[in-house]
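S.K.: Pasting a structure here, questions to come.
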There are 2 protein chains.
Amino acid sequence: MIRAVLLDLAGVVYDGDTPIPGAVAAVERLRKAGLPLRFVSNTTRSPRHRIIAQLGALGVEVADEELLTPARAAVEWLRRHGSRPHLLVHPDLEAEFSGLEGGKGRAVVVGDAGEAFDYASLNRAFRELVVGADFLALATNRTFKDADGELSLDAGAFVAALEFASRRSPVVLGKPSPDFFHSSLADSNCPAADAVMVGDDAESDIAGALSAGLGAALLVRTGKYRPDDETRFDPAPTAVVDDLAAATDWILKAPR
Amino acid sequence: MIRAVLLDLAGVVYDGDTPIPGAVAAVERLRKAGLPLRFVSNTTRSPRHRIIAQLGALGVEVADEELLTPARAAVEWLRRHGSRPHLLVHPDLEAEFSGLEGGKGRAVVVGDAGEAFDYASLNRAFRELVVGADFLALATNRTFKDADGELSLDAGAFVAALEFASRRSPVVLGKPSPDFFHSSLADSNCPAADAVMVGDDAESDIAGALSAGLGAALLVRTGKYRPDDETRFDPAPTAVVDDLAAATDWILKAPR
């Protein structure tokens, strides 16, 4: 029974600035079928308004409440805990954390800072952890498919570096955190068991969603997918499909 | 029975440019007792000649064959395997790897690159690993005591980042590699069981040496030592002593 659809963005809907063939029409078909859609992205290089604008430019209209990002989850965490952030994130993402300077606690927030990752910034974050700051990871993805088509280091590598040196474990805000999947469905009236996730990351999107209790998870062979990814993680995908268009066929054939 | 002594350098003999009180006289006493000494350092920021000059300036004369460094062990590994290095090391260390450009294989070599660690250099090393280069870690130390007296990120954090993203495990050249401890004793005619290690790193120096079969390992309360370090790793130190002077007392009282 499928009553809500969670879609990853990079590698599923688009690759860089280009829509994945058939993806825009597939989103349209899902909307026409009346299925609630949520866009759950672990991208932490772009602010929300840019992601929404980028989707709009491709022809995919997304309402603010339909887009779930780790930065939004982190801001909620910081508000709830009364903490101010020490940011190790992409400069473009910093504005999303404004207004939290008054917090009493202190939390290191690590995202995909890209070129902003350097020894000095990592060492400053490490020293905050040593003196007891909380440790928030926006995402722990190992790699992403870069603009040149090759895999590049994602936030998870730098989270692992800080984890190793500080012997501290992070609170993970984005996928594969079960909280992230659940909060994305919070206002959909759809229990997790009736939702399907579509993603290109067999670990974070697929094993993550199934571990969080989602009813199904479809691995697409686009984006960062590499042959045999479906055998590398547990739980394995419900199905492996060519792309979002094929995933949509699968979803629309499932009982509702 | 103690018939050879292995000494760590930073945090045991000196701290930055300053000798640790009593350390120079302690080395002198060990030499006078006729014990073979080996200096086994995981420092990968300084070339050998500078370490030897630095020790000389403090009043500790060290012969080339008495100093074991991970860079030397790595060069031997690369020669043995006919590999050329892709270096992610401190610029000052690069010259030690000259003459290896003709190797057929390819090996990523990660040391404590310090400020040379940045996103681009880490990502280049990661991409070499993805296409099958061997993976050599000069050291996997988590932290070192920096010039300002605080702990800073050491090579191990960046090795962990590459390990996480590439899902590859490195060959570790320096401490705590058993090969490194054994090769430091190779020309001493002293079996590992009759040697003692003195260090300030409870994990790499102490648990490492004992796991490699050394007869004893003394943890000093200088350098990066922090209270309770002796309880954090297995095996625990043979003894915890104030400093190298106290370690020397311990060694000279042991049967020979």
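The values are calculated or read from the model by the stated rules, or taken from the named source; none is laboratory data. In this text the structure is predicted, and so the values were computed from the model without any measurement. Don't worry about glycine lacking a Cβ; one is built from the backbone with ideal geometry, like all the others, and counts go over all protein chains shown.
S.K.: When you scan segment B:200-247, how many residues do you find that are of a type in the set (Phe, Trp, Tyr) and closer than 23 Å to B:Asp148 by Cβ? Spell out the reasoning first.
M.R.: Just the residues of segment B:200-247 that are of a type in the set (Phe, Trp, Tyr), to begin with: B:225, B:233.
Going one step further and asking which of them are closer than 23 Å to B:Asp148 by Cβ, we end up with B:225.
Total meeting the criteria: 1.
Per-residue answers, yes or no, for (1) under 26 Å from B:Ser188 (Cα atoms); (2) loosely packed, with under 13 Cβ neighbours inside 10 Å; (3) outside the structural domain of B:Ile20 (by TED's automatic domain parsing):
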| position | (1), (2), (3) |
| --- | --- |
| B:Val60 | yes, no, yes |
| B:Glu65 | yes, yes, yes |
| B:Arg79 | yes, yes, yes |
| B:Gly82 | no, yes, yes |
| B:His86 | no, no, yes |
| B:Ala95 | no, yes, yes |
| B:Glu101 | no, yes, yes |
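S.K.: Examine segment B:22-38 for a residue that is assigned to a helix (DSSP H, G or I) and outside the structural domain of B:Asp200 (by TED's automatic domain parsing), and state whether such a residue exists.
M.R.: Taking every residue of segment B:22-38 in turn, none turns out to be assigned to a helix (DSSP H, G or I) and outside the structural domain of B:Asp200 (by TED's automatic domain parsing).
S.K.: Which of the residues belonging to segment A:196-253 are part of a helix (DSSP H, G or I), among the small types (Gly, Ala, Ser) and over 20 Å from A:Leu35 (Cβ atoms)?
M.R.: Answer for segment A:196-253, where residues must be part of a helix (DSSP H, G or I), among the small types (Gly, Ala, Ser) and over 20 Å from A:Leu35 (Cβ atoms): A:Ala202, A:Ser204, A:Ala207, A:Gly208, A:Ser211.
S.K.: So A:Ala53 passes all but one of these: (1) over 19 Å from A:Pro170 (Cβ atoms); (2) outside any loop (DSSP other than H, G, I, E, B); (3) touching a residue at least 40 places away in the same chain (Cβ under 8 Å). Which condition number does it fail?
M.R.: (3)
S.K.: Of the residues in segment B:154-170, how many are at the interface with chain A (Cβ under 7 Å from one of its Cβ atoms), within 16 Å of the chain's Cα centre (by Cα) and of a type in the set (A, V, I, L, M)?
M.R.: Summing the residues that are at the interface with chain A (Cβ under 7 Å from one of its Cβ atoms), within 16 Å of the chain's Cα centre (by Cα) and of a type in the set (A, V, I, L, M) in segment B:154-170 gives 1.
S.K.: Conditions first: (1) over 19 Å from B:Leu9 (Cβ atoms); (2) touching a helix residue (DSSP H, G or I) at 6+ places or on another chain (Cβ under 6 Å); (3) within 12 Å of another protein chain (Cβ to nearest Cβ); (4) crowded, with 18+ Cβ neighbours inside 10 Å. B:Val108 passes all but one, so which condition is the exception?
M.R.: (3)
S.K.: Additional query: Take the conditions of a type outside the set (Lys, Arg) and over 14 Å from A:Val40 (Cβ atoms) and apply them to A:Val159. Does it pass? Talk me through it step by step, then tell me what you get.
M.R.: Numbers: of a type outside the set (Lys, Arg): yes; over 14 Å from A:Val40 (Cβ atoms): yes.
Judged against the criteria, A:Val159 is a match.
S.K.: If B:Tyr119 meets every condition in (1) farther than 22 Å from B:Tyr14 by Cβ; (2) buried (at least 18 other Cβ atoms within 10 Å of the Cβ); (3) within 12 Å of another protein chain (Cβ to nearest Cβ); (4) touching a residue at least 24 places away in the same chain (Cβ under 8 Å) apart from one, which number is that one?
M.R.: Exception for B:Tyr119: condition (4).
S.K.: Of the conditions (1) under 20 Å from B:Val172 (Cβ atoms); (2) out of contact with any helix residue (DSSP H, G or I) (no Cβ under 6 Å at 6 or more places or on another chain); (3) of a type outside the set (A, V, I, L, M), B:Arg127 satisfies every one except a single condition; which number is it?
M.R.: Answer for B:Arg127: the failing condition is (1).
S.K.: Would a scan of segment A:129-144 turn up a residue that is of a type in the set (D, E, K, R), outside the structural domain of A:Gly199 (by TED's automatic domain parsing), over 20 Å from the mean Cα position of the chain (by Cα) and surrounded by fewer than 19 Cβ atoms within 10 Å (Cβ to Cβ)?
M.R.: So far as segment A:129-144 goes, no, none of its residues is of a type in the set (D, E, K, R), outside the structural domain of A:Gly199 (by TED's automatic domain parsing), over 20 Å from the mean Cα position of the chain (by Cα) and surrounded by fewer than 19 Cβ atoms within 10 Å (Cβ to Cβ).
S.K.: Look at B:Ala212 and say whether it is touching a residue at least 24 places away in the same chain (Cβ under 8 Å), under 15 Å from B:Ala4 (Cβ atoms) and crowded, with 16+ Cβ neighbours inside 10 Å.
M.R.: Judged against the criteria, B:Ala212 is a match.
S.K.: Take the residues in segment A:146-197 that are among the basic types (Lys, Arg) and within 28 Å of B:Ala155 (Cβ to Cβ); name whichever of them is surrounded by the most Cβ atoms within 10 Å (Cβ to Cβ).
M.R.: Step one: filter segment A:146-197 for residues among the basic types (Lys, Arg), giving A:167-168, A:175.
Next, only the ones that are within 28 Å of B:Ala155 (Cβ to Cβ) stay: A:167-168.
Working: A:Arg167: 11, A:Arg168: 16.
Selected residue: A:Arg168.
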